[in-house]
1. Given an 8 Å cut-off on Cα distances and at least 6 residues of separation, report the relative contact order of segment 16-155 as a percent.
2. Of all the accessible heavy-atom surface of segment 33-173, with the other protein chains kept in place and a 1.4 Å probe, what percent is carbon and sulfur?
3. May I ask you to give the solvent-accessible area per residue for segment 43-173, in square angstrom, as obtained with a 1.4 angstrom probe?
4. What distance in nm separates the simple spin-label points at residue 2 and residue 36, each placed 7 Å from Cα in the Cβ direction?
5. Quick test of the membrane-span-like rule: which DSSP H helices of the chain reach at least 20 Å along their long axis (C-alpha atoms) with mean Kyte hydropathy at least -1.0?
6. For residue 64 paired with residue 78, estimate the spin-label separation in nm (one decimal), with each label point 7 Å from Cα along the Cα-to-Cβ line.
7. For segment 1-42, rounded, prolate or oblate, judged on the Cα gyration tensor with a ≥ b ≥ c (square roots of eigenvalues), a/c < 1.5 rounded, else prolate if a/b > b/c?
8. Number of Lys-Lys pairs in the chain under 17 Å by Cα, sequence gap 8 or more or different chains?
Amino acid sequence: MEPSKLSAARAYALSMHGAQMYGPHPYSHHLDAVAATLAPYGLTAQAIGYLHDVVEDTGATIAEVCSRFGEEVAACVALLTDEPGANRKERKSKTYAKLAKVAGSEELALIVKAADRLSNVRACVADANRDLWNLYRSEHAVFKASAFRPGLCDELWSELDGLLRDDKLPQEA
């Protein structure tokens, strides 16, 4: 992927997310954090990082993502988009089941998913968001069972595991 495509992915994602917020921050805060975490994995991973929530949280479609950024990126974004469900538990259960089956070149989506979750947990710690940290911690075993592949992005998982230890519970402000 060319750097111009990465810039286009960021611009498209920011345009689609519009005024959406990420906690107290503009949504760009989260997308830039995920993309920065993905820098060691290449431009395609970073582009997927920018686009990972665009179908789930905006009016964008997989077909649009495919048209703009290609089949590989669109396939990964589709994998990262939560399945429909009545509540978070149902949506995540279906999505994690989908991730558990991922193999081959689509494993790039699993790296992006790990970076996304790591970014979310880092933000919980930085913003002292105990409730969200507890939610991610309660889901961690099932999430990791579905998305972890040995040797794929072990350093991301190591940091994530560490941030979800009891002694890392964010302190109330």
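The values are calculated or read from the model by the stated rules, or taken from the named source; none is laboratory data. As the structure is a computational prediction, the values presented were derived from the model and not from experiment. Please note: Cβ atoms are built from the backbone with ideal geometry, for glycine as well, and neighbour counts cover all protein chains shown. With ligands, DNA and RNA removed, areas are computed over all heavy atoms of the protein, side chains included. Shrake-Rupley method; radii C 1.70, N 1.55, O 1.52, S 1.80 Å.
1. 21 percent
2. Details: 3350 of 6500 Å².
It is 52 percent, rounded to a whole number.
3. Details: 6130 Å² over 131 residues.
Accessible surface, normalised per residue, equals 47 Å².
4. Distance between label points: 2.8 nm.
5. Flagged H segments are 3-17, 108-126, 130-147.
6. That separation, rounded to one decimal, is 1.7 nm.
7. Values: a/c = 4.30, a/b = 1.46, b/c = 2.94.
The shape class here is oblate.
8. The result is 12.
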